[in-house]
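A short worksheet on the structure shown next.
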Amino acid sequence: LEFICRSGVKNIIICDYDKVQLSNLNRQILFNETDIGKFKTDAAESKIKSIFPETQIIKLNIKLCENNIDSILSEFKIDFAVDAIDSVRAKAELIMFLSANKIPFISSMGAGGKTDISKIRADYIENTVNCRLSAGLKKKLRKKMKVEKNIMAVYSNEQQKKAVYPDSDIPSKTINGTVAHITNTFGAYCADYFFKASAV
């Protein structure tokens, strides 16, 4: 979002239902400690407006899911979309909506457990490897649509580091660590693809 804004894009829709948490600050460079507890859309708007006050931002404090994607997004004229959803089900539904409506997009895969910046790639989703999120997404998409070759994804082909098992009452709870230079390089790849696609 910040890369795109700093390059002069003036009309942006931000969609996120979550609030800023302390655990976000190691990698989500839009936010700082004073943003904790705020909706991410509000904190993001404040940051973007501080960079370029003329930016027109539409904020959607909504969790996109299969039941609302069509009704919500159909209200807008979308020229390009950047998908950074974590949920495989919602990610698949968004991709199907964008594909059906011929809206160009790029989809960001999982950065958790990755540390080697040189392994990050932008490629068709069918070519992604060593990414649990893309593997689950491909499986979900194959059940509902033919996985077209024009679905572009950002991913890392690095083998994922082992998850951390913190002390918890929930035995299955794990943490896939992330670091700022990896997650934000994923974002840079998304921005790069956006500008290349927009120049065509």
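Rounded to the nearest 5, the antiparallel percentage of DSSP beta bridges internal to the chain is 40%. Spin-label pair Phe52-Arg132: with each label point 7 Å from Cα along the Cα-Cβ axis, the two points sit 3.6 nm from one another. The calculated pair-distance distribution of segment 1-107 uses every alpha carbon pair, bins of 10 angstrom beginning at 0, and gives 13, 44, 36, 7, 0 percent. Note: relative contact order over segment 37-149, using C-alpha pairs below 8 Å and six or more positions apart, is 21 percent.
The accessible area of Phe3, taken with all protein chains in place and a 1.4 Å probe, comes to roughly 90 Å². Near Asn184: Cβ cut-off under 11 Å, other residues only, Lys/Arg at +1 and Asp/Glu at -1. The net charge is 0.
With R₀ set to 22 Å, the beta-carbon distance separating Ile12 from Met145 gives a calculated FRET efficiency near 0.20. Of the options Gly113, Asn150, Ile14, report the single residue whose Cα projects farthest towards the positive end of the charge dipole of the chain (beta-carbon charges: Lys, Arg +1; Asp, Glu -1). It is Asn150. Residue ranking by accessible heavy-atom surface, 1.4 Å probe, largest first, among Arg27, Arg142 comes out as Arg142, Arg27. Using a probe of 1.4 Å, the accessible surface attributed to Tyr124 totals some 100 Å² when neighbouring protein chains are kept in position. Placing Lys63, Lys102, Lys10 in order of accessible area, with the largest value first and a 1.4 Å probe, yields Lys102, Lys63, Lys10. Take every pair of alpha-carbon atoms less than 8 Å apart whose residues are at least six positions apart; their mean separation over the length of the chain yields a relative contact order of 21 percent. Starting from a Cα-only point model with no solvent, please compute log10 I(q)/I(0) by Debye for the chain at q = 0.08, 0.09, 0.19 1/Å. Relative scattering, expressed as log10 I(q)/I(0), comes to -0.27, -0.35, -1.68.
The values are calculated or read from the model by the stated rules, or taken from the named source; none is laboratory data. A quick note: this is a predicted structure, and the numbers were derived from the prediction, not measured. Note that we place each Cβ from the backbone using ideal geometry, even for glycine, and neighbour counts take in every protein chain shown. Protein only, heavy atoms only, side chains kept; ligands, DNA and RNA dropped before computing areas. Shrake-Rupley method; radii C 1.70, N 1.55, O 1.52, S 1.80 Å.
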